[in-house]
Amino acid sequence: MIDTILGGTVSEVEQYLTMMNKRFLGGLRDSLALLCEADLTRSRDRAAFEKRLWFGVESLITNDAERARRAQETERRAAARATAVRQAFEPYNDALLMAECDDVVQRAIGLLGSDPVVSDFEVGAPAHHDRYLTFGSGGEIMLRDGAVTAILFHVQPTAAAPRGFTGLSALIPGLSRDSSRSQVEEALGEPIVGRTGPNATYPVAGGFVKVFYDAWAEKDAPGRLKLIQMTAEDTYAKTDPADERCPGCADMLIRTTSASDGVDVDVDVDATITALHDGVAAGRLRQAHNWVALDDMLRLHDSGLMEHVAAQLGCTICHRHILFALHRDADPTFEYVSLNDACRRTPEQVPLVERWGDAARIARAAQRPEQIATDGSTWVLFAMGKHLFMNARCWYSAVEGSRLIRLEAAEVQQYERDGEAYLSRLQEAINRTWTSNDDPWRSRDLTRSRMSDEEAIEASLAAAQEEEQA
């Protein structure tokens, strides 16, 4: 029938749809427009149009009994798939949160292979003891403080498994390393909805299976499947065990070594700060500007003015956050947390630099941009020397952003004449065109990736000075 319809002109297609049921005509006009533009000799264009057209006419030719039969068949397939998935992951799910010596863990070890490579690590401060059992099959069991936290199936090749996880098709029938996202969903069912990101999480047998893809990709793009992780808890708002060996941030904490037995014991604060500095310089880490700067940590800690001198840094690879803190009456702490947890932490107020900084630090602070006015929600005004800069908050629906601009001479004059009321009008004008393609303020935006407003202002003035001297 579709071939017959496609053989006619656009008007004949419209006439046919009108005759069958007028209520579908409005919804299918886009399909008719697509028909006018598409080259139906190309299989992709033809398939797309046929799919949209069939969506409109299928309900006209399907009776209630057929619909009921299809619904039952869909439910039957979903139930059978859920049972098969649960049974496939059940031995591994039983091992989660259990000790390595437990029978269910030993059973999972037997399924993954024999003679695993064993790696032991101390992570964070206070330290957790991590133990990884890595198998030549591409499977891996991760334990923290003696209990299994995750079981991984490395789909892509690793040093221990040059061909990737060899049992993927047995674990999940129909899947291979080259499977697309839609094929994964066909095998595992629908993932938990409402999640954003390239990965997908599926509730399975009381645990959670998380499928990692190596990049954003269309559902039918093959070869993006990277890793399958099974945990007892949903890691959506937490850190993933798979990130513990992230090349961007896993080795940031440096410990001192006991001279007697060679065992790492305490946090080497100087070496850790240096390592974090190197990570920032290499672009693997970025500092949170509302927390203490790495350069100021030791001097602030020595002053005794703060209970907790804390720096926060984000990893640009795994997107975990590092919270490194020096405490007045306790040992240093070093934690890896999720963005969700990091946002719940509130930094302690830093005292005035004159109370703890040396002459050079005080002079450097005096040369930095100063916040001189704000309405508390939509704009902030900075001054640096004779120059004025405004950060205008922008938003459209649930999307937020900002424009950081340097006020031109005419704008400074209006501010001097009308005061803060002018800045509010200016912010409204910037916000009106923020998402427009011809936004006139975009070319004046001084915002720099990974920089605070103050740093972006300093960078813009330094660049302007270099241009003048050139």
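What follows draws every value from the coordinates through simple rules; no lab data is involved. Being a predicted model, the structure only gives us computed values, none of them experimental. Every residue, glycine as well, gets a Cβ built from its backbone with ideal geometry; the counts of neighbours run over all protein chains shown.
Numerical summary
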quantity	calculated
Cα gyration tensor of the stretch 284-364 - equivalent ellipsoid semi-axes, whole Å, descending	24, 14, 10
Solution diffusion estimate, µm²/s, Stokes-Einstein, the stretch 182-262, Kirkwood Rh from C-alpha pairs, 37 °C, viscosity 0.692 mPa s	219
FRET efficiency for Ala159 and Glu218, using Cβ-Cβ distance with R0 set to 30 Å, rounded to 0.05	0.50
Lys386 versus Arg444: modelled label distance in nm, points set 7 Å from Cα along the beta carbon direction	1.9
Volume in Å³ per residue [convex hull over Cα atoms, computed for the stretch 128-250]	117
Amide H contacts of Val204 (H built 1.01 Å from N, under 5 Å, at least 5 apart or other chain)	Val209
Whole-Hz couplings from phi, Karplus 6.51/-1.76/1.60, listed for the stretch 142-151; x for Gly and Pro	10, 10, 10, 6, x, 10, 5, 9, 7, 10
³J(HN,Hα), Karplus 6.51/-1.76/1.60, whole Hz, each residue of the stretch 172-181, x for Gly, Pro	10, x, x, 9, 9, 4, 8, 5, 8, 4
Pairwise FRET efficiency - Asp329 versus Asp178, Cβ, R0 = 45 Å, nearest 0.05	0.20
log10 of Debye I(q)/I(0), alpha-carbon scatterers only, for the stretch 249-331 at 0.15, 0.25 Å⁻¹	-0.57, -1.23
Estimated inter-spin distance, Arg361 and Ala463, nm [label 7 Å along Cα→Cβ]	3.0
FRET efficiency, Val193 to Asp145 (Cβ-Cβ, R0 30 Å, nearest 0.05)	0.35
Counted charge near Trp379, where neighbours are those whose Cβ lies closer than 13 Å (Asp, Glu -1; Lys, Arg +1)	-2
Square roots of five times the Cα gyration tensor eigenvalues for the stretch 347-447, Å	29, 17, 13
Residue-span extension gain [Leu305 to Ala281] - 0.36 nm each, minus C-alpha spacing	5.8 nm
For the stretch 174-311, diffusion coefficient by Stokes-Einstein and Kirkwood Rh (Cα), 20 °C, 1.002 mPa s, µm²/s	115
